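The values are calculated or read from the model by the stated rules, or taken from the named source; none is laboratory data. All of these numbers come straight from a predicted model, not from anything done at the bench. Every residue, glycine as well, gets a Cβ built from its backbone with ideal geometry; the counts of neighbours run over all protein chains shown. When the accessible area is computed, the model is the full protein with side chains, heavy atoms only, and any ligands, DNA or RNA have been set aside. Shrake-Rupley method; radii C 1.70, N 1.55, O 1.52, S 1.80 Å.
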Amino acid sequence: MFGCVLRRVCWKRSGARRSVCTTQPEVRVRFAPSPTGFLHLGGLRTALYNALFAKQRRGAFILRLEDTDRARLVPGAADAIEDMLEWAGIPPDESSRRGGHYGPYVQSERLQLYSQAASSLLHTCHAYYCFCTNQRLELLKREAQRSGHVPRYDNRCRHLRPEQVQEKLALGVPRVVRFRLDSGAEPFQDLVFGWTRHEVAAVEGDPVLLKADGFPTYHLASVVDDHHMRISHVLRGSEWLISTAKHLQLFRALGWTPPAYAHLPLLLNRDGSKLSKRQGDIFIQRFREQDVLPESLLDLITHAGSGFNNNRIGRRLDELIEEFNISKITTHSALLDLDKVHEFNRVHLQRRIEDPHTRVELMEELRQRVLHTHGSDISDHAVLEPHYIQRVLQLRKGHISCLQELLGHSYSYLWVRPLVSLQQLKDVCVCVCQGHISCLQELLGHSYSYLWVRPLVSLQQLKDVSAEAADIAAAVIQLVGAGGSVSSTERLNRELKLLTSRLNTTHSSLMRVLRLALSAQQKGPSVAEMMLSLGEQEVCVRLQRALEP
């Protein structure tokens, strides 16, 4: 059960020592999306800032689903939202799936609480029954639009006499419950926008709290839930800033203490236009399908805005938590450049490769993808190479079964490269990934197919490129076999240029022969990068096979 953290404050006053105990409530924040759609970048950013705020203060991050708009619910969206939060690395501490002391965490399961709150407001005359039909409300709206005014309810039912209300209730006339807005508004301090004041009663009619079907509107449900779930801080989009004055009136009318509010500036496209769900490329599931790492996405959306002591590319979640500073959030809209997602992903992919704690998992994922892509070339004959077994012994138990599955197979064709060692995959990625690829899927594309498949290239094909092909291949085998040359691309390029001067050929011919023999491609990474990623032994094997008649 969550409680309060007691903090004792002592000070001297008029020569006497007094001790006063105050209570500092636990930080509890909530992300409250509506499952009328799937999680998108704007929603992820709101969830992330809430999670950062909670984790930094050792509080609780709650996922609450506001599903009172029954007509627009999307099947599967509720589960998908939590799935994406878990994928992003910011799972809620409390939710419908995870449980908690303040559930249910789905609004449609809390209708009795809203009904009780509405009854309390009716009893204290802070709310009233409204019997206006949809036809009348539509006429009011059209008339306002014709006269150039903002549509608003005219508060007609606020002035019904008690006997009129009772008569309509007795007849079963459909009704809603509306909140009686107070004229004037007290200012409140927002943690981002500072002191703010909105005269909502001057521009809006009395809002509906409880609809005719018994479901609450957002205004009532969010206030009731924030109170009963003991939410201490509300971090939400700035589009709700104007409504906050309305919510504060509701808290006051119910006799409850409101949470502190922080309204986050909008997340916009690079050109300042609004992010639209119709774009299709702002949904988190789409980024996941495109091989974008979750930490890359979190880094991108925080880099676009404010709220951190530093702003640099490459921050992971633990660093975001450490550097988050709510006082640094500005009121300016955050401009998101989606064209940079691959740049961010490239940086974080390299960090995973360099980090020994994440490298094994990354390499195992790549190994599985290689098997999936080239699975048709695998036979049922076991090949137990010593370095595979040695690698198995160094792995955690969770990876041993994965390698054992692989050790039950071998490649039936000689031209297929038997890449199964995680150490080999690590070497490949260290050589290839630096500054070149932004996701693992690229390593399975045509440009890098030479990593996984030995090309079928004949000596005649090499001679069609250069008459000195055999001499070139033999000389490179000797160079590589001597050892040391395949240590860096810089050294390789120097050695190959020196080799060109000793052979009766041009440097371009030498490079084209090597590229064809090693990859059977005319384009792709540089020849030196190919040789470095393949390793000395594999380079010699491919060149030797190309020399065979």
Quiz item: Using modelled amide H (1.01 Å from N, peptide plane; none on Pro or chain starts), what sits under 5 Å from the amide H of residue 306, excluding residues fewer than 5 places away?
Solution: 330
Quiz prompt | region 183-247: GluC sites (Glu not before Pro) in DSSP loop, at most 15 other beta carbons within 10 Å | solution = 199
Practice problem: Compare 197, 97 by solvent-accessible area with a 1.4 Å probe and give them largest first, with all protein chains kept in place. | Solution: 197, 97
Quiz item: What residue among 162, 119, 77 has its Cα farthest toward the positive end of the dipole of region 67-169, where the charges are +1 on Lys, Arg and -1 on Asp, Glu, each on the Cβ?
Solution: 162
Exercise. Might you report the magnitude of the Cβ-based charge dipole of region 170-220 about its Cα centre, with Lys and Arg at +1 and Asp and Glu at -1, to the nearest 20 debye?
Key: 240
Practice problem: Would you tell me the accessible area of residue 491, worked out with a 1.4 angstrom probe on the heavy atoms of the protein chains, in Å² to the nearest 10? | Solution: 90
Quiz prompt | Accessible area in the full protein assembly, largest first, 1.4 Å probe, for 87, 195, 240 | solution = 195, 240, 87
Self-check item: About the Cα centre, charge dipole magnitude for region 76-167 (Lys/Arg +1, Asp/Glu -1 at Cβ), debye
Solution: 700
Quiz prompt | residue 327/residue 491 FRET efficiency (R0 56 Å; Cβ-Cβ; nearest 0.05) | solution = 0.65
Practice problem: With label points built 7 Å along Cα→Cβ from the Cα atoms of residue 112 and residue 338, find their separation and express it in nm. | Solution: 4.5
Quiz item: Reachable aspartates and glutamates from residue 463, Cα under 15 Å, same-chain residues fewer than 8 places away excluded?
Solution: 471, 548
Self-check item: Greater than 23 Å apart at Cα, pairs in 211/274; 246/274; 274/340
Solution: 211/274; 246/274
